Amino acid sequence: MLSQRIIFVEEAAVHSSPLAAPSKDFARRLMTIGENRLELLMVEVQEERERLLRAILLALGVALFAFLAGMALTTAFVVVFWSVSPVGVLLALTVLYGTVSLFLYRRFSVLQRDWKLLPATLDQLKKDRECFEQCFK
């Protein structure tokens, strides 16, 4: 019984109607477009991963050396102005560091808000949708 069904399905596939050819061609094209978009997505994900890793490593390097420079500068200020006013010099450094941290936080917030993930893939998918909408009107 199962072998008869398989033979029937194979015969139906061989003797398909001429109307099935355009739908097969359309399905083949659709699969090719989907495959291309998936490849683009994979390339962009790889690029984003590499860019993110590079950004993290650079940020760690900047943070480390900025910390060392800040410690050296703080020590120099404290040594120079300790005789004038120990509390004043510590308060001035606190205000300075607080101001810089607020500035950096605002820059970070803007960066996060403007971050776009996989822009080329999204643009290509929008173009594909517009093309399909025009084709099927």
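Just so you know, all these numbers are worked out from the coordinates, no wet-lab data involved. If you're wondering where the values come from, they're calculated on a predicted model, not measured in any experiment. Every residue, glycine as well, gets a Cβ built from its backbone with ideal geometry; the counts of neighbours run over all protein chains shown.
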Simple Cβ-charge dipole of region 37-112, Lys/Arg +1 and Asp/Glu -1, about Cα centre, in debye nearest 20: 200
Packing rank of 64-70, 41-47, where each peptide gets the mean count of other beta carbons within 10 Å, highest leading: 41-47, 64-70
Nearest-0.05 FRET efficiency for Ala59 and Leu93, computed from C-beta distance (R0 22 Å): 0.40
